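Asker: Can you keep this structure in mind? I'll have questions shortly.
The numbers here are math on the coordinates, done by the rules we state, and not lab data. All values derive from a computational prediction rather than experimental measurement. Counting neighbours? That spans all protein chains shown, and the Cβs are built from the backbone with ideal geometry, glycine included.
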Ligand SMILES: Nc1nc2c(ncn2[C@@H]2O[C@H](COP(=O)(O)OP(=O)(O)O)[C@@H](O)[C@H]2O)c(=O)[nH]1
Ligand SMILES: [Mg+2]
Ligand SMILES: [Zn+2]
């Protein structure tokens, strides 16, 4: 219970740019507006509000976050979710998905101390399944959990994912079209998340998720559906942060001849030697180099 004199506190359950939907601790649903011109809050944030005017209030501040998942380029950052403990990265048997996006998600999540599970959706399209599994194999090799499921109501099987969600605040991320909103609707029957399927049926033209929204699953678990992610810039991270996000690099870090080795063309590079011995895949090194090069334009170590 919050004390009235201390103002209202609650949680942001939807973020639309500079407009936030908040559930107060007493269960009321209100609209929150930040001060000034910025929108420094994210879905999942616990916030303190000023005086309520009807159902609207100014957001005064947010509580310290246990995590903040966000992407950034040289110029701006885009918050995805606050206080989530886990990322479920949704990929699908079709359309194709980006492997580099998986590596980027792993780096961002590792930096925030979040667990990552890959949900391979549309497992009902069985002829596409072997190719998708092959794409994921290099990640499975170093321990990334992959759960196969079908979110679509016609062949629905989402039970393999349920135990992974228990006790977690999970944020669903992935490229658009992978089935995040369909999965949200499967997990939370009254969610009513807009999916491509529903919008075609209703001809509403609103087929994509435009904002993040949090749904409570039970007392200890919640799910955040987020807009599709085509890019996942990590310009805010240092080379050191990025290296930490590559689990299978860990035994080799510190063994290069040069302490500031970029793992590009330097002699006696322990990472490249591991690639030669097939202990690290060339693809993962390529992902690392692409992510690390971005960071050089904004920061150095
Ligand atoms: N075959 C099949 N199609 C699916 C499945 N899950 C979602 N879809 C379809 O994939 C499309 C994109 O789904 P949507 O949930 O909007 O994806 P989002 O952009 O990631 O939120 C829709 O046409 C869904 O009906 C599935 O498990 N199997
Ligand atoms: Mg969606
Ligand atoms: Zn090196």
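Asker: Considering only the chain, what is the antiparallel percent among its DSSP beta bridges, to the nearest 5?
Answerer: In the chain, DSSP labels about 55 percent of beta bridges as antiparallel.
Asker: Treating the angle as unsigned and between 0 and 90°, give the value, to the nearest 10°, between the Cα long axis of helix 129-141 and the longest Cα principal axis of the chain.
Answerer: Computed tilt is about 80 degrees.
Asker: Could you tell me what fraction of 2.2 N^0.38 Å the Cα radius of gyration of the chain comes to, as a two-decimal ratio?
Answerer: 1.08
Asker: Moving on to the next point. Quick check: the angle from helix 282-296's long axis to the longest principal axis of the chain, C-alpha only, nearest 10 degrees?
Answerer: Rounded to the nearest ten degrees, it is 60.
Asker: With everything on Cα atoms, drop me the angle between helix 99-111 and the longest principal axis of the chain, reported from 0 to 90° to the nearest 10.
Answerer: 70
Asker: For the pair residue 38/residue 217, report the inter-label distance in nm, with labels modelled 7 Å from Cα in the Cβ direction.
Answerer: 3.3
Asker: Counting pairs of alpha carbon atoms under 8 Å apart in space and at least six apart in sequence, what relative contact order in percent does the chain give?
Answerer: For the chain, the relative contact order is 15 percent.
Asker: Considering only segment 66-212, what is the antiparallel percent among its DSSP beta bridges, to the nearest 5?
Answerer: If we restrict to bridges inside segment 66-212, about 30 percent are antiparallel.
Asker: Under 10 °C and 1.306 mPa s, how fast does segment 51-97 diffuse according to Stokes-Einstein, given a Kirkwood radius computed over C-alpha pairs? Answer in µm²/s, whole number.
Answerer: In µm²/s, the coefficient is 110.
Asker: Tell me, 94, 248 in order of fewest to most beta-carbon neighbours within 10 Å?
Answerer: 94, 248
Asker: Per the Kirkwood definition applied to all pairs of different Cα atoms, how many angstroms is the hydrodynamic radius of segment 68-225?
Answerer: Values: mean 1/r = 0.0624 Å⁻¹.
Roughly 16.0 Å, rounded to one decimal.
Asker: Relative contact order (percent) for segment 1-76, with alpha-carbon contacts under 8 angstrom and 6 or more residues of separation? Please report the intermediate quantities before stating the final value.
Answerer: Details: 136 pairs, mean separation 19.8, N = 76.
Computed value for segment 1-76: 26 percent relative contact order.
Asker: Same structure, new question: What Kirkwood Rh does segment 4-62 have if only Cα atoms enter the pairwise 1/r average? Answer in Å.
Answerer: 10.9
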